[in-house]
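Asker: Mind looking over this structure? Questions follow.
Every number in this text was worked out from the coordinates using simple rules, so none of it is lab data. These numbers were taken from a predicted model, which means no experiment stands behind them. Cβ coordinates were reconstructed from backbone atoms using ideal geometry, including for glycine residues, and neighbour counts include every protein chain displayed.
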Amino acid sequence: MTSPLIDALTKQHGVPLVDEKTLEVLTQQHRHCLLFFTEDPVQFPESNDVAVVLPLLMQAFGERLKTAVVDRACEHRLHSRFPFDGWPALVLLQDGEYVGAITRMQDWDVYLSEIERLLHTAPSRLPSFKIPVVGESNHHCH
């Protein structure tokens, strides 16, 4: 499921909708790509807020990055490839490699400073998901 605000990104603002195959083409054509992972906007209504802010971010950063919406059909497969810890998420890639992610709705200044920082950051090893570990002293089976 999508929403009118997310649909407007592709229909009115010309933001491409990408899957695994078209993402490869996009990353070959653009050094920096900003991927919008929406998940279900009914379950995660902040996705609509990010959809409203995204055209303003595109305007602020101009040709420095190419923005794309991740197709819901492959969103979870790409999420496993570029992990982040909350929905919605903006994931920055450089030359097709993971640089970092901004999750959930943020203040305008946070978006500006974090995207600027990520644009000057080299790709890094992908983060791992954080799984809490319970030590033996805290958990006993009887």
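Asker: Nothing charged except the Cβ atoms of Lys and Arg (+1) and of Asp and Glu (-1): what's the magnitude of the dipole of region 1-107 about its Cα centre? Round to the nearest 20 debye.
Answerer: For this selection, approximately 220 debye.
Asker: OK, next. Rounded to the nearest 20 Debye, what is the dipole magnitude of region 56-128 about its Cα centre when Lys and Arg each give +1 and Asp and Glu each give -1 at the C-beta?
Answerer: Using Cβ point charges on Lys, Arg, Asp and Glu, region 56-128 gives about 220 debye.
Asker: Let me ask something else. Quick one: which residues, 5+ away or cross-chain, put their amide H under 5 Å from the amide H of T67? H built at 1.01 Å from N.
Answerer: L34
Asker: Further, regarding this structure: If you plug each phi of region 57-72 into the Karplus form 6.51 cos²θ - 1.76 cosθ + 1.60 with θ = phi - 60°, what whole-Hz ³J(HN,Hα) values come out, in order, with x for Gly and Pro?
Answerer: For region 57-72, the Karplus-derived couplings read 5, 4, 5, 5, 9, x, 7, 6, 8, 10, 9, 9, 9, 7, 4, 4 Hz, x marking Gly and Pro.
Asker: Which Cα, out of Q29, H76, G14, lies furthest along the positive dipole direction of the chain (beta carbon charges, K/R +1, D/E -1)?
Answerer: Q29
Asker: Rounded, prolate or oblate: which fits region 1-127 when a ≥ b ≥ c are the square roots of the eigenvalues of the alpha-carbon gyration tensor, with rounded for a/c under 1.5 and prolate only if a/b beats b/c?
Answerer: Rounded is the answer for region 1-127, as its axis ratio a/c remains below 1.5.
Asker: Continuing with this model, one more query. Quick one: 3J(HN,Hα) in Hz for region 29-35, Karplus 6.51/-1.76/1.60 with θ = phi - 60°, rounded, Gly and Pro as x.
Answerer: Values per residue, Gly and Pro as x: 8, 9, 5, 10, 10, 10, 9 Hz.
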